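The values are calculated or read from the model by the stated rules, or taken from the named source; none is laboratory data. Nothing here was measured: the structure is a model prediction, and the numbers come from that model. Note: ideal-geometry Cβ built from the backbone for every residue, glycine included; neighbour counts use all protein chains shown. These accessible areas exclude ligands, DNA and RNA; they are computed on the full protein's heavy atoms, side chains included. Shrake-Rupley method; radii C 1.70, N 1.55, O 1.52, S 1.80 Å.
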Amino acid sequence: MNSLQNKRILIVGGSSGIGLAVTKQACKAGGKLIIASRNAAEKHDDLVSAVGHDIETYSFDVASEDETATALKKIGDIDHLVITARPDITPAPFGETDLKQAKEAFETKFWGQYQLIQKAQGQISQNGSIVMTTGIAGEKIFKNFSTMAIINTATEAFCRLLAIELAPIRVNLVSPGFVAPKSPGVEKYAQQFPSGRIASPEEVADAYIYLMGNPYTTGISVVIDGGARLM
């Protein structure tokens, strides 16, 4: 935990869910947090209240190269970059998947991470790290989730490549399973897992804190799924 003391940490997608949970834990560890999302600046006061610490906030669309470049110029140098942004996509059988929606999901989750890291790499401390996010659809095949399965699998390969090309900056990823809040149907489904339940955002956030803080960990995926892959 002490390794994050006074470190500047940019969390893209940090205004809700897992990203907000990471922000809270990193603040408790002494980090200096910067939250970015499409509406983070507009929600600044609410986010400060939720986190309980002073933070910086910036609004930009991770799929927009111009908005990303402008925001990064304002943000300046950082020690760690965490990306938890996720797309909106409706699960559907492959043959019925909306191609426009699938492409938009790629633009946000894969190409958004790609161009963000490409632009931010020169601002990240050589002793720092990047932590990306995939998900259970890349670890286990689920019907009706073809788009996310492909995006998550591509992101895993991207992580390993960056761990080599951007060294000594460390690059890792977290692969969450089913994380609250979820529908009653998903909660019931999760009862068959070895853990017997879905995860809380805080349980998943622990993995990001570990990956930022461990100086000898790079190129790996930490799966936090309660054993969902085994079922």
Practice item. List, in order, the whole-Hz ³J(HN,Hα) value for each residue of the stretch 141-158 obtained from phi through the Karplus relation with A = 6.51, B = -1.76, C = 1.60 and θ = phi - 60°; use x for Gly and Pro. Key: 7, 10, 4, 6, 10, 4, 5, 5, 4, 5, 4, 5, 5, 5, 5, 4, 5, 4
Point to revise | Whichever aspartates and glutamates have a C-alpha closer than 15 Å to that of residue 100, once near sequence neighbours (fewer than 8 apart) are set aside | key: 88
Check your understanding: How far is helix 201-213 tilted off the main Cα axis of the chain, in degrees rounded to 10, range 0 to 90?
Key -> 50
Practice item. Could you bin all the Cα-Cα distances of the chain into 10 Å bins starting at 0 and give me the percent of pairs in each, rounded to whole numbers? Key: 8, 33, 38, 18, 2
Practice item. Whenever you get a sec, line up 68, 97, 90 from highest to lowest accessible area (probe 1.4 Å, protein heavy atoms). Key: 90, 97, 68
Point to revise | Surrounding net charge for residue 132, when Lys and Arg each add one and Asp and Glu each subtract one, Cβ distance under 13 Å | key: +3
Check your understanding: Between their Cα atoms, which of 143/182; 24/73; 24/140 are more than 20 Å away from each other?
Key -> 24/73; 24/140
Point to revise | Measure of compaction for the stretch 1-113 (Cα Rg per 2.2 N^0.38 Å) | key: 1.16
Point to revise | Proximal aspartates and glutamates relative to residue 28, as straight alpha-carbon distance under 20 Å, when same-chain residues fewer than 8 apart are discounted | key: 45, 46, 54, 56, 79, 202, 203, 206
